[in-house]
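One structure, as structure tokens, below. Some questions next.
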Amino acid sequence: MSLDVPTHVLTAAERGELDDAQFVAVVHDSLPYAWQVVSAAAGDRAERPDAPFGEHEVPPPSEMERGQLLRALASNAIRGALERHFGVVLAFQNCHRVAAFAPADVDGPTYREFISPRGQVLNQSPELRDC
């Protein structure tokens with residue numbers, strides 16, 4: 001799953017003039033399902049400020065959408081751009097559970113538990129083995 005980079009954005013990158021807004025637009029247009037998931041998790045965080053984090057944990061409808069999500073969250077550049085755009089720190093489990101934490105909460109116990117091996121193991125199930 002590659003990004004669909006318009007010629008003017010590629011030219012800007014070649015000149016060293018690529019900005020975050022241009023890159024975020026490429027991510028938005030190239031990975032619409034991943035954008036939707038991250039947007040939902042960040043929106044959930046904003047709508048429930050007393051919750052420890054916002055999340056989206058609905059399995060993708062197809063392997064194409066799963067691929068978009070994995071691409072977005074596995075790439076440091078894409079993930080970082082999404083985090084800056086939405087003002088959150090993303091955490092990821094089980095190939096589809098996305099959590100959006102407030103940056104101030106990243107050093108807290110809930111975040112550390114979410115990203116821990118224990119947190120990963122406790123969120124496994126037989127249905128998720130092949131995801």
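The values are calculated or read from the model by the stated rules, or taken from the named source; none is laboratory data. Computed from a predicted model, the values in this text were never measured in an experiment. A quick note on method: Cβ atoms are made from the backbone with ideal geometry, for glycine too, and the neighbour counts reach across all protein chains shown. Just the protein is used for accessible areas: all its heavy atoms, side chains included, with ligands, DNA and RNA removed. Shrake-Rupley method; radii C 1.70, N 1.55, O 1.52, S 1.80 Å.
How far is it, in nm, from the label point at Met64 to the one at His8 when both lie 7 Å from their Cα along the line to the Cβ?
Here the modelled spin labels are 2.7 nm apart.
Leaving ligands and nucleic acids out of the surface, order Leu18, Leu82 by accessible area at 1.4 Å, largest first.
Largest to smallest exposure gives the sequence Leu18, Leu82.
Shifting gears a bit: Binning at 5 angstrom from zero up to the longest distance, how are the C-alpha pair distances of the stretch 47-105 distributed in percent?
Going out from 0 Å in 5 Å bins, the stretch 47-105 shows 4, 18, 27, 25, 16, 8, 1 percent.
Along the Cα→Cβ direction, 7 angstrom out, place labels at Asp19 and Arg118. What is the inter-label distance in nm?
So the label points at Asp19 and Arg118 sit 4.5 nm apart.
Could you report the chain's accessible area per residue, 1.4 Å probe, as an integer in Å²? Mind dumping the intermediate values first?
Working: 7440 Å² over 131 residues.
Dividing the accessible area of the chain by its residue count gives 57 Å².
Filter the trypsin sites (Lys or Arg not before Pro) in the stretch 36-131 to those in DSSP coil with at most 10 other Cβ atoms within 10 Å of their Cβ, and list the result.
Filter output for the stretch 36-131: Arg129.
What number, rounded to the nearest 500 deg cm²/dmol, is the helix-based mean residue ellipticity at 222 nm of the chain, given -39500 (n - 2.57) per DSSP H run of at least four residues and division by all its residues? Please report the intermediate quantities before stating the final value.
Working: 7 runs with 70 residues, N = 131.
It lands at -15500 deg cm²/dmol.
Pop out the Kirkwood hydrodynamic radius of the chain from its pairwise C-alpha distances, inverse of mean 1/r, in Å to one decimal.
15.5
Among the DSSP beta bridges whose two residues both lie in the chain, what percent are antiparallel, rounded to the nearest 5?
Roughly 100 percent of the beta bridges in the chain run antiparallel, per DSSP.
Of all accessible surface on the chain at a 1.4 Å probe, what whole percent is carbon and sulfur?
The value for the chain is 53 percent carbon and sulfur by accessible area.
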